[in-house]
Amino acid sequence: MSALLLPLVAAASARCPVVDAPVPPPPSPEMRWLMRDGDRVVGTDGDRVLVWPTRDGAAPQVLFEGEIYPAHAWVMQGDRLINLASGAALSLRGGAYKAEALAPDPEVADGDVIHRSADLVVWATWDSDHVTAWQDGALKQVPRGKAEDRPKGAALGPDGGLWLAEEERVIRVGDPGAGFVAAPITAEALAISPDGASMAVVAYTGVVNLFTLDDARARWSWPSGGAPAFSPNGRWLALSRYDGADVVEVSTGCLQRVVPSRGATLWLDGSTLAWVDAEGRLKLEEAGR
């Protein structure tokens, strides 16, 4: 598939219900990421690695506090967290910290995270013919063809295909016939719906555009972006920022709710959204409620 994106179609605000926005959270350390670990949620705000029982209002336990950089290099491997750039490892079962003789990966240390999910973490560097991916408990290099720019976003489709946002185009890695030109939009982040039918593209301006993936047809746009993530049931799209998250209904492009999160959010089973409030407590909300 190769097509020029059609003019963006904005969601008609007149047909969407008005949603009250909560007061933004006060300044506090931003949650860099959240991941599911069985019946617990693990995350970091930079200098701390935290864990919560998956319960609304749960307070965190600090697994580790200190300077282990870069914060983006943490990945989950079985029952432990490891930092690929420093060799540090944390046991998720015993809460013990120890340094292991893991070989630091320079591309992880120097690269930028362009995608993070439970199934895949992707780093990219400038002027490289590949991206570095952590998948199935191992690092691998994924060829993408020679390019002078650094990909700014990535997404994994339900069929296992990796998509990259590269300057003014969105491409499927390894399939030169798949993708579309995003001119004059520079994409910063991507997400693909669980059924593989839709892709959310966040532009550098912050505007979020939802497209059908098979023909690059624009369905709707949303004015304020963030890190995009579809709910497991495909009904909702969460757009997470440092000062809150918008939850938008995929079928209509209407805002359903705003949560006063402080950074990353995480979809749990079904349509339950997990986020961390200003006091550091884990909050669980059903998106359709």
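Here are a few things to note about the model shown:
- Among 217-228, 69-80, 233-244, the peptide with the highest mean count of other Cβ atoms within 10 Å heads the list, and the full ranking is 233-244, 217-228, 69-80.
- Computed helical MRE - 222 nm, the chain, DSSP H runs ≥ 4 contributing -39500 (n - 2.57), nearest 500: -500 deg cm²/dmol
- Between the amide H of SER261 and those of GLY244, ALA245, distances stay under 5 Å, these residues lying 5 or more places away or on another chain, with hydrogens modeled in the peptide plane.
- Among 108-117, 127-136, sorting by the average number of other beta carbon atoms lying within 10 angstrom of each residue, highest first, gives 108-117, 127-136.
- Set of lysines near LYS140 by C-alpha distance (under 22 Å), chain-local residues within fewer than 8 positions excluded: LYS152
- Stokes-Einstein diffusion for region 55-140, with the hydrodynamic radius set to the Kirkwood value over Cα pairs and evaluated at 4 °C in a medium of 1.567 mPa s, equals 93 µm²/s.
- Listed by chain and number, the aspartates and glutamates whose alpha-carbon sits under 18 Å from that of LYS98, ignoring those within fewer than 8 places in the same chain, are ASP47, GLU65, GLU67, ASP79.
Every read-out reported here was derived from the displayed coordinates using simple, explicitly stated rules and does not represent laboratory data. In this text the structure is predicted, and so the values were computed from the model without any measurement. Backbone-built Cβ (ideal geometry, glycine too); neighbour counts: all protein chains shown.
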